[in-house]
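The values are calculated or read from the model by the stated rules, or taken from the named source; none is laboratory data. Every value quoted in this text rests on a predicted model; they were computed, and no experiment measured them. Neighbour counts are summed over all protein chains in view; Cβ atoms, including those assigned to glycine, are modelled from backbone coordinates with ideal geometry. Each accessible area value is taken on the protein alone, full model and side chains, heavy atoms only, with ligands, DNA and RNA left out. Shrake-Rupley method; radii C 1.70, N 1.55, O 1.52, S 1.80 Å.
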Amino acid sequence: MSVAEQMVRDERATTEEALAVFDAAEPVETDFMIGTWRGAEVQTGHPMDGMLVASGWWGKQFVDGETVHPLLFPTADGKALWALDPKRLPVSVLLNAPLPSLENRSLGGLVNAARPLLQTKKPKARLRTTQYRGVDTATMVYDAQPINDIFRRVSDDTVLGLMDLRGSAKPYFFSLRRDDSLPVRANRR
């Protein structure tokens, strides 16, 4: 097992370790990202650690370069996925507000209850190749948030993601693994 695969499996590293793994990993072509991906956090001590897991976040979908659903959540029955509109999230508050520990907490029920207010059927990000840390690689660019998610290949079905957020002193890390086991309801309309 590679160092990158071990870190993704453990879901934990220091920021320095995660950056070293990220820098050593191969860049990703945008076409490689097309599909539905299940996400997991890589906890590094970032202020957002635990937030996605507690929210019930499932992953991302890349339909094509112009059609990306960056935040997928399972329906209450767990049989499908729906897309959340990131524009409706107060990212700067989440990043800077003193939040109680999210460890062992689930906000998934609250997110599902707020689904009528948070859901979107339109894509809310685009997929581009950008240069980050001196390497050209696939990057998800949010439409309405100052966020870029930059990807590097861990294996044929796994990528390491680095969220570059304006105002954050260090990056937030996550992994994505290909998973088309659930239909995405965001594609309608």
Filter region 1-57 down to the residues that are touching a residue at least 60 places away in the same chain (Cβ under 8 Å), of a type in the set (Ser, Thr, Tyr) and closer than 29 Å to VAL184 by Cβ and list them by number.
THR30, THR36, THR44
For LEU71, which of the numbered conditions (1) open to solvent by less than 50 Å² (accessible area, probe 1.4 Å); (2) in a helix (DSSP H, G or I) fails to hold?
(2)
For region 8-31, give me each residue that is surrounded by 15 or more Cβ atoms within 10 Å (Cβ to Cβ) and over 16 Å from the mean Cα position of the chain (by Cα).
ALA13, THR15, GLU17, LEU19, ALA20, VAL21, ALA25, PRO27
Region 109-126 residues that are within 18 Å of LYS79 (Cα to Cα), paired with ones that are at pLDDT 70 or above and open to solvent by 40 Å² or more (accessible area, probe 1.4 Å) (beta carbon under 7 Å, 6 or more apart)
ASN112/ALA76
Of the conditions (1) open to solvent by less than 50 Å² (accessible area, probe 1.4 Å); (2) at pLDDT 90 or above; (3) of a type in the set (S, T, N, Q), GLN131 satisfies every one except a single condition; which number is it?
(1)
